[in-house]
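Following: one structure in structure tokens, then a few remarks.
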Amino acid sequence: METNRLSAEMQDILISQMTKEAEAAQIYLALGVWADDQGYGGIANFLYRHAQEERNHMTKIMGYILERGGRPRIQAIAAPPSDPSTLTECFQRVFKHEVDNTEAIYRIVNLAMEQKDWATWNFAQWFVKEQIEEEKLALELIDKLKIAGGDRASDESLFALDSSLESMPDDVPLAREATADAPK
């Protein structure tokens, strides 16, 4: 008796999203290393925490595949891109990455609707809501840097920005404990 409640196509797209989340973790980790090397410890800490959050997302998807009787596969991930040259470029990469991830989540939602896989559609709604928050956070980073003066910001403005990101809470919530109503 077949116990996998996911279509082959759905399982493949979810595995692809697992891989995308793993790649995201590496991208944030690489950006964090770059920021740390530039002397932005607070920004680095923010990016390191985000790397952990992306790994949690990967684990959440992996757990869902298993719960539905599927078999997740761990796939190789691409190396992160080269270092940014400025904080503006760093924050723009964060935003672009989040927009790309949102589009990937929408593909899962669309496939779930097409296949009338309401369990996966419901599961994916947590990620839809999460991506709204992620894009907003990335835009706030860009806005804060613009207010500080962008790439021509004074040392004092950059210090204040770095300090504000450093003082953000360190606890990264576990994705498996989140719900659509309480995503964090």
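Of note:
- Selection from the range 100-120 of residues that are under 19 Å from the mean Cα position of the chain (by Cα) and open to solvent by 40 Å² or more (accessible area, probe 1.4 Å): D100, E103, Y106, R107
- Odd one out for A51 among (1) in contact (Cβ under 8 Å) with a residue 40 or more places away in the chain; (2) in contact with a Leu (Cβ under 7 Å, 6 or more places away or on another chain): (1)
- In this structure, R68 does not satisfy being open to solvent by 60 Å² or more (accessible area, probe 1.4 Å) and within 27 Å of N122 (Cβ to Cβ).
- Positions within the range 19-44 being assigned to a helix (DSSP H, G or I) and either among the small types (G, A, S) or modelled with pLDDT under 95 (or both), in sequence order: A22, A24, A25, A30, G32, A35, G41, G42, A44
- Scan of the range 24-47 for residues that are open to solvent by 10 Å² or more (accessible area, probe 1.4 Å), more than 17 Å from S164 (Cα to Cα) and of a type in the set (G, A, S), ordered by number: A30
- Cβ pairs under 6 Å, 6+ apart, first in the range 1-23 and open to solvent by 60 Å² or more (accessible area, probe 1.4 Å), second not in a helix (DSSP H, G or I): T3/G69; R5/R68; R5/G69
- Pairs linking a residue in the range 128-151 that is in contact (Cβ under 8 Å) with a residue 12 or more places away in the chain to a residue that is among the charged types (D, E, K, R) and open to solvent by less than 40 Å² (accessible area, probe 1.4 Å), with Cβ atoms under 6 Å and 6 or more positions apart or on different chains, are E134/E98; E135/E98; A138/E98.
- Helices (runs of 4 or more DSSP H) enclosed by the range 67-184 - at least 3 residues per element that are at pLDDT below 95: 118-148, 155-166
The values are calculated or read from the model by the stated rules, or taken from the named source; none is laboratory data. For clarity, every value in this text was computed on a predicted model and none was experimentally measured. Neighbour counts are summed over all protein chains in view; Cβ atoms, including those assigned to glycine, are modelled from backbone coordinates with ideal geometry. Just so you know, the surface numbers come from the protein's heavy atoms only, side chains and all, with ligands and any DNA or RNA stripped out. Shrake-Rupley method; radii C 1.70, N 1.55, O 1.52, S 1.80 Å.
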